[in-house]
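Inspection log for the structure reproduced underneath, given as structure tokens.
The values are calculated or read from the model by the stated rules, or taken from the named source; none is laboratory data. Just so it is clear, the model here is predicted, and its values are computed rather than measured. For neighbour counting, all protein chains shown are included, and Cβ atoms are generated from backbone atoms with ideal geometry for every residue, glycine included. What goes into the accessible areas is simple: the full protein's heavy atoms, side chains included, and nothing from ligands, DNA or RNA. Shrake-Rupley method; radii C 1.70, N 1.55, O 1.52, S 1.80 Å.
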Amino acid sequence: MMTGTNSRAACLLLTLLGAAYSSATMAKVNYADNSGFSISNVSESQMPVEVVYSNFIQHVDMWWPKDHTWWKGTLRIDEQAGGCFCETTDVASAVHMQVSLIEPNKKVVMTGGLGPLQEMGLTGALIWEFSTIEDSAATKTGDDRVMSSKTRVTLTYNASGNIHFNGKKASIDDATKLVNVVDKVQSQQLKSLTAFSDKN
């Protein structure tokens with residue numbers, strides 16, 4: 001259990017990470033301890049992969065939850081290696097992550113630490129993978145079937161570094177609790193992308 005100063009620091013961190021909620025995404029904590037973690041989330045959109053990928057890059061400021069930003073500022077993703085997943089306001093700016101690999105409509109890899117994890121010194125690879133799901137559906141008459149293309153987005157975050165609160169290394173139990181919250185927050189972020197794509 002977290003006590004004293006560590007408990008207050010943990011509560012602050014969880015507040016900054018944002019309120020997590022359950023969603024239709026499939027989530028999995030691959031492993032978690034106080035020196036790093038790996039988490040995966042999967043969500044599907046009814047739209048073709050080109051649409052979902054375009055929304056991911058071009059409209060991140062519209063689908064990324066604003067309570068998962070530093071100042072509810074403007075977000076952008078530069079579509080090139082070395083590009084920035086950045087937030088800006090009139091008076092402040094932040095690099096959320098840096099783009100390290102781009103394969104349009106297939107894969108984007110970003111590196112760094114999201115949110116308060118940056119100040120812990122954690123870093124990692126955030127991997128967005130886009131794949132097409134071929135689906136058949138009956139026509140209104142029921143005589144023929146037509147093919148439609150849906151999209152599966154897989155989001156994986158592999159991070160390493162000492163998880164700590166106020167400079168004191170967290171216990172494995174406390175670190176695991178934190179990672180479970182990070183997993184739920186990422187599930188929300190991913191679901192926001194696919195839900196936005198289905199509506200736009």
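Charge dipole (Cα centre; +1 on Lys/Arg Cβ, -1 on Asp/Glu Cβ; no other charges) of segment 70-141 amounts to roughly 120 debye.
Across segment 111-121, coupling constants 3J(HN,Hα) worked out from phi with the 6.51/-1.76/1.60 Karplus curve, θ = phi - 60°, read 10, x, x, 7, x, x, 5, 4, 6, 7, x Hz, and Gly and Pro carry x. Straight-distance candidates among the aspartates and glutamates for linking to K199, with alpha-carbon spacing under 18 Å and chain neighbours fewer than 8 residues away dropped: E44, E50, D61.
Applying a threshold of 25 Å to the alpha-carbon distances of K66/K150; K66/K191; K107/K177 flags K66/K150; K107/K177 as lying beyond it. If you sort F85, F196 by accessible surface, 1.4 Å probe, largest first, the order is F196, F85. With R₀ fixed at 22 Å, the C-beta to C-beta distance from T132 to Q98 puts the FRET efficiency at about 0.20.
Given 0.36 nm per residue, what is the gain on full extension from S171 to E119 after removing their alpha carbon distance, in nm? All intermediate terms of the calculation are to be shown ahead of the outcome.
Values: separation 52, 0.36 × 52 = 18.72 nm, distance 1.81 nm.
Additional length available on full extension: 16.9 nm.
Expressed as a rounded percentage, what relative contact order does segment 72-200 have, with Cα pairs under 8 Å and six or more residues apart? Let's see the in-between values first.
Details: 201 pairs, mean separation 17.8, N = 129.
This gives 14 percent for segment 72-200.
Other residues within the sphere of radius under 13 Å centred on the Cβ of M97, judged by their own Cβ, net out at -1 (K and R +1, D and E -1).
Phi angles of segment 31-45 translate, via the Karplus equation with coefficients 6.51, -1.76, 1.60 and θ = phi - 60°, into HN-Hα couplings of 6, 7, 8, 7, 10, x, 6, 9, 10, 9, 9, 10, 9, 10, 10 Hz per residue; Gly and Pro are given as x. The overall shape of segment 58-200, judged from the alpha-carbon gyration tensor, is prolate: a/c is not under 1.5, and a/b is greater than b/c. Sorting 96-107, 51-62, 183-194 by their mean Cβ neighbour count within 10 Å, with the most densely packed peptide first, gives 183-194, 51-62, 96-107.
From the square roots a ≥ b ≥ c of the eigenvalues of the alpha-carbon gyration tensor of segment 73-127, which class results: rounded (a/c under 1.5), prolate (a/b over b/c), or oblate? Please report the intermediate quantities before stating the final value.
On the way: a/c = 2.76, a/b = 1.25, b/c = 2.20.
Oblate is the answer for segment 73-127, as a/c is 1.5 or above yet b/c matches or exceeds a/b.
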